[in-house]
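To start, the structure itself, in structure tokens.
Only the coordinates and a few stated rules stand behind these numbers; no lab work does. From a predicted model like this one, the values you see are computed outputs, not experimental measurements. Reconstructed Cβ throughout: ideal geometry from the backbone, glycine too, with neighbour counts over all protein chains shown.
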Amino acid sequence: MSTVEDVELIDPDLSGERLLYRLFHERGVRVFSPVPLRAQCSCSRHAVNSMLSSFAMQDRAEMVKEGKIVVTCEFCSSVYEFTPEEAGL
Ligand SMILES: [Zn+2]
């Protein structure tokens, strides 16, 4: 990669495949078909409630703020709210 000049990386006439070939043809280059990606989190209200139920009763009680427990998924930022009853309190 150190042999690549910055201008080559943004050269519209130099395709990614061509650049790969220039750099790595001695090792052999294979280009796979692109695979579409999709951001998706596996969290769910049920899974969050199960996670909550694994905490000790006292810990769950301390999580109650203004009459409810609010859990925010750190991966997708979904917010789940539970009443103390739903959290088994
Ligand atoms: Zn999530």
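Note on CYS73 and LEU37: their simple-model spin labels are 1.8 nm apart, each label 7 Å out from Cα toward Cβ. Cut-off 10 angstrom, C-alpha nodes, Gaussian network model of the chain. Which of GLU74, GLU62, GLU17 fluctuates the most? Checking each option, the largest mean-square fluctuation is seen for GLU17. Between VAL70, VAL79, VAL31, the residue with the greatest mean-square fluctuation in the GNM of the chain (Cα pairs under 10 Å linked by springs) is VAL31. Panel note: the C-alpha atoms of the chain, placed on their principal axes, show extents of 65, 23, 20 Å (largest first).
When the chain is described by a simple charge dipole with +1 on each Lys and Arg Cβ and -1 on each Asp and Glu Cβ, the residue from MET51, TYR21, MET63 located farthest towards its positive end is MET51. Computed from Cα atoms alone, the Kirkwood hydrodynamic radius reported for segment 24-69 is 15.3 Å.
Available extension along the chain between VAL4 and ASP59 is 14.2 nm, counting 0.36 nm per residue and deducting the alpha carbon span. The calculated 222 nm mean residue ellipticity attributable to helices in the chain amounts to -8500 deg cm²/dmol, summing -39500 (n - 2.57) over DSSP H runs of n ≥ 4 and dividing by all residues. Taking trypsin sites (Lys or Arg not before Pro) across the chain, the ones in a DSSP loop with at most 12 further Cβ atoms lying within 10 angstrom of their Cβ are ARG27, ARG30, ARG38.
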